[in-house]
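For reference, the structure discussed in these notes is given below.
Just so you know, all these numbers are worked out from the coordinates, no wet-lab data involved. Nothing here was measured: the structure is a model prediction, and the numbers come from that model. Every residue, glycine as well, gets a Cβ built from its backbone with ideal geometry; the counts of neighbours run over all protein chains shown.
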Amino acid sequence: MARFNPHHDNSKLYPAMREFATECLLRDGSVLQPGQSLWTSENLDELDRSFVQNPDAGDGKYYVKLGQQVAQGSPESRKLMAELHWLLFAFPSDITPSTKEERIREIWSWSGEDLPDAVPFLDHDILEGLGHTGQAYNNHRWRELNTLFENYVARLLPRALAVSGLRVVAQGGHRNCLFEEEVGRFRTKPDLIIRQGERVVMVIDTKWKRMTPQIDDPKQGVSQGDVYQLMAYSQLYDCPNVMLLYPHHGELPPDPICLRYAIGAKDAEAILSVATLNVTGASQQHVLDLKRLIDQSLSIPTATYPVLAAQS
């Protein structure tokens with residue numbers, strides 16, 4: 001987020017964001033109604049089921065379809081959706097504060113309750129925004145919710161790799177899949193690249209998708225397209241370790257998942273890991289969990305892994 005815009009006053013926004021981080025991300029609380037517990041793993045899991053895993057690509061307006069999707073969840077999960085929109089509305093200045101407040105109050109009302117007239121975090125000086133986001137930000141708001149997971153992991157990973165000699169590059173790489181003589185085509189941009197010096201040692205692609213328990217689906221909800229994508233990254237970046245990273249949720253076994261597959265042959269050096277990260281609780285624990293995942297993926301022998309072949 002931009003720190004300065006001569007046309008917009010951010011003197012109230014940044015203190016509000018710091019309070020949001022403490023109250024919601026560290027304490028599982030609420031930014032709009034202090035004392036309520038909204039940012040919990042249970043409510044996040046409900047929104048994952050009702051919204052992320054229940055896309056509505058049909059005709060209709062965004063808020064109408066959103067209301068139908070979250071109607072499947074609890075009142076608390078609908079309140080959390082209102083707070084997620086408060087967060088999404090923090091930056092754009094091309095939406096008026098009054099419109100932002102109206103939409104947030106509307107989503108909150110789907111819980112069966114109305115917000116009180118005076119809500120400090122709906123102050124229009126906080127909701128003013130800092131810059132124009134463009135049409136795509138507004139038309140593809142549902143996609144913005146899905147990028148939160150990727151950005152969160154990208155922010156924590158350098159802390160997880162501190163003093164390891166490894167460094168992280170987010171949204172980098174830019175190697176081409178194909179060449180037409182000297183012209184490269186289909187440029188790639190992996191979510192996260194881990195380097196040791198100039199050598200790529202791991203590529204991570206975050207997926208805000210719902211893994212399923214193995215008893216329900218041997219592939220655990222991992223799509224073939226995502227597997228092909230990571231196999232391509234392994235070849236393009238000459239990287240022996242690639243990872244699909246999903247959010248952990250309550251229907252999976254209690255411990256985070258870390259499955260490893262040899263790519264193409266049982267004794268292959270290239271390994272694809274399928275892992276989950278529990279994003280509830282304190283961020284310090286998330287850093288430790290990421291460190292553990294990276295350490296495991298870069299050190300465990302490969303010969304005993306199941307074979308992952310490029311076939312259905």
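A few notes on this one:
- Most mobile of 298, 25, 244 in a GNM of the chain (Cα contacts under 10 Å): 298
- Surrounding net charge for residue 287, when Lys and Arg each add one and Asp and Glu each subtract one, Cβ distance under 15 Å: +2
- Working from Cα pairs under 8 Å separated by at least six residues, relative contact order for segment 13-139 is 25 percent.
- Lysine pair count for the chain [Cα-Cα under 19 Å; pairs on different chains or 8 or more apart]: 10
- Answer label for Cα extents along the principal axes in Å (calculated), chosen among (i) 65, 47, 44; (ii) 98, 62, 35; (iii) 88, 49, 37: (i)
- Sequence-distant contacts, meaning Cα pairs under 8 Å at least 6 residues apart, place the relative contact order of the chain at 14 percent.
- Student exercise, the chain dipole from Lys, Arg, Asp, Glu Cβ charges, in Debye to nearest 20: 800 debye
- For the chain, built as a Gaussian network whose Cα springs stay under 10 Å, the top-fluctuating residue of 163, 287, 183: 183
- The stretch between residue 11 and residue 296 holds 98.2 nm of extra length on full extension. This uses 0.36 nm per residue minus the Cα-Cα distance.
- Length added when fully stretched, residue 99-residue 198, from 0.36 nm per residue minus Cα-Cα: 30.8 nm
- Ranked by how many other beta carbons lie within 10 Å on average, peptides 59-70, 188-199, 264-275 from highest: 264-275, 188-199, 59-70
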